[in-house]
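Colleague: Handing you this structure, nothing more for now.
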Amino acid sequence: MEVIAIVGMAGAGKSEAARLFEESGFKRIRFGDITDEEIEKQGLELNEENERRVREQLRKKYGMEAYAILSLSRIDLTLKQKPVVIDGLYSWEEYKFLKKYYRGGLRVVAVWASPRTRYDRLAHRDIRPLKPEEAAGRDEAEIKNINKSGPIAMADYTIINEATLKDLKKEVRKAIAFLRERE
């Protein structure tokens, strides 16, 4: 396993899963950092509207595989030291780009939670909380405009994250064991 990409809808637990992979020896690379850096560069407030606009601007400029392209040198540099876990691969095009580039070295782990669970989590998170209607709007935009569902459907392993952090930790350990068996 060289590169693990974590996929899932907002609030599913991607970042928590990526953090747990990091605790297991992976280096985390968060695709969302590119959005945050661009928002800061443009002097914008960090909020859902600006995040969406910047994500769409970057994809318009670099194509739907923008985040994979913009992260590639960071991933390759990190791989010289340790395996990588990508926090938040989104689009089908990013998936195809990285799958072609890393060939058999890319594995995808989907983290799934029901909309009800995700919307509750998003409403109560400390950073960038979302109201249920904002979360539903984000879901729709990401499925329709970013082709987010393809990588989730093509995952090598799916974690159901409807319970506690302790349960998620167990599931991430199972995922790592499963993926190592398949190397």
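Colleague: Looking at the stretch 25-45 only, could you name the residues that are surrounded by 13 or more Cβ atoms within 10 Å (Cβ to Cβ) and more than 17 Å from L89 (Cβ to Cβ)?
Modeller: Hits for the stretch 25-45 are E38, I39, L44.
Colleague: Could I ask something else about it? Just to check your reading of the model, which residue among E171, E94, E162, E183 is part of a loop (DSSP other than H, G, I, E, B), at pLDDT 95 or above and not hydrophobic (A, V, I, L, M, F, W, C)?
Modeller: E162
Colleague: Test of understanding: among I127, I176, which residue is over 16 Å from the mean Cα position of the chain (by Cα), among the β-branched types (V, I, T) and part of a helix (DSSP H, G or I)?
Modeller: That would be I176, the only listed residue that is over 16 Å from the mean Cα position of the chain (by Cα), among the β-branched types (V, I, T) and part of a helix (DSSP H, G or I).
Colleague: In the stretch 129-161, what count of residues is obtained for those that are more than 21 Å from R59 (Cα to Cα), among the charged types (D, E, K, R) and surrounded by fewer than 14 Cβ atoms within 10 Å (Cβ to Cβ)?
Modeller: Final tally of qualifying residues: 2.
Colleague: Further question on the same structure: What number of residues within the stretch 88-116 satisfy the criterion of being of a type in the set (F, W, Y) and either buried (at least 22 other Cβ atoms within 10 Å of the Cβ) or touching a Cys at 6+ places or on another chain (Cβ under 7 Å) (or both)?
Modeller: 2
Colleague: Being among the small types (G, A, S), within 11 Å of F31 (Cβ to Cβ) and in a helix (DSSP H, G or I) is the filter here; which residues of the stretch 60-91 pass it?
Modeller: If the condition is that a residue be among the small types (G, A, S), within 11 Å of F31 (Cβ to Cβ) and in a helix (DSSP H, G or I), then A66, A68, S71 are the ones that fit.
The values are calculated or read from the model by the stated rules, or taken from the named source; none is laboratory data. Here the structure is a predicted model, which is why all the values come from computation and not from measurement. Here the Cβ is made from the backbone with ideal geometry for all residues, glycine too, and neighbour counts use every protein chain on show.
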